[in-house]
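Here is the structure we will look at.
The values are calculated or read from the model by the stated rules, or taken from the named source; none is laboratory data. Computed from a prediction, not measured in an experiment: that's the story for all the values here. A quick note on method: Cβ atoms are made from the backbone with ideal geometry, for glycine too, and the neighbour counts reach across all protein chains shown.
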Amino acid sequence: MSFGNWFNREKEEIPEKFHSYESGKAFENCMICDKYLLDPGTRYMIEKAFKQYSGFQSKDVLFEFAICEDCGTSMRADLSKESLDNIQQYFFTNANRVIDMDEYEKNSSVSDLFTQKCIIKNINKEDLTEFQMIAYCDGPNLSLSEPPLLISELAADEIQELISEQTRDELERFTDDLTGLPPELKELFKDEMILI
C-alpha cells in the first residue's frame with residue numbers, strides 16, 4: 001500500500017480491539033443516552049482501559065464505554081475552563097503525532113499505527129502495565145480525521161494533576177449517574193482517569 005493511498009482512504013471499520021469486551025461486538029449504544037451509534041454519520045467516541053501483566057499475553061479490561069458526540073460535548077461543557085485549557089495545552093506541548101515510517105510499513109490500519117505507543121511518553125504498549133485507548137468513530141467506522149490514540153498510565157497520572165477540584169467533582173458525578181454499572185465498576189471509574 002502506498003503512503004498516499006493510506007492517507008486517502010475514506011473509511012476503516014472499527015477494529016476488534018475497540019469492540020465491547022462483554023459482547024465481543026461493536027458498541028451499539030451511547031452509555032448515557034442510549035442513542036444507536038452504528039448509523040453512518042453518527043459521531044461518537046470509545047474509551048477502553050487495560051491492565052496487562054508482565055510475561056503474559058492476556059490483559060484485563062478495566063473499563064470500556066462508548067459515548068455519543070452530543071453527550072460528550074454536554075459533559076465537557078460542565079468541566080472547568082481551567083481544566084480543559086490545561087489538558088489542551090498538555091496535549092499541544094507533549095503529544096507526538098509524527099509517523100514513524102518503519103512503523104507505517106508494518107501497519108496496514110490506522111488503529112494499529114496509532115495504538116502501538118503512548119502518544120505522550122512514546123513508550124511501546126507492550127512495556128506498559130496500564131493504558132487507555134480512545135477511538136473517534138462515525139457509525140461503523142473509525143473517524144480518520146481524528147486517529148485513535150493510546151495513553152499510558154504515566155501520562156494519565158500527569159493529566160489527572162492538571163484538573164481542578166470542580167472537574168474532579170463533575171467526573172465523579174458522571175460516574176455516579178451511569179446506569180447499569182455494578183458498584184465495583186463505578187468505584188474503578190473513580191480510581192481511573194476518564195479521558196473524555
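Tabulated data for the structure shown
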quantity	calculated
Every residue from segment 16-56 that is polar (S, T, N, Q) and more than 25 Å from L128 (Cβ to Cβ)	S23, N29, T42
Residue in segment 40-52 that is hydroxyl-bearing (S, T, Y) and in contact (Cβ under 8 Å) with a residue 60 or more places away in the chain present	yes
Residue that is closer than 23 Å to C68 by Cα and charged (D, E, K, R), where the choices are D157, D127, D138	D138
Any hit, segment 59-80, residues being aromatic (F, W, Y) and over 14 Å from I32 (Cα atoms)	yes
Candidate set from segment 149-169 (those that are over 29 Å from S109 (Cα atoms) and crowded, with 18+ Cβ neighbours inside 10 Å); member that is modelled with the lowest pLDDT	T167
Of all residues making up segment 137-170, the number that are touching a helix residue (DSSP H, G or I) at 6+ places or on another chain (Cβ under 9 Å) and touching a residue at least 60 places away in the same chain (Cβ under 8 Å)	13
Which listed residue is farther than 19 Å from L142 by Cα and at pLDDT 90 or above, from F50, F63, F56	F50
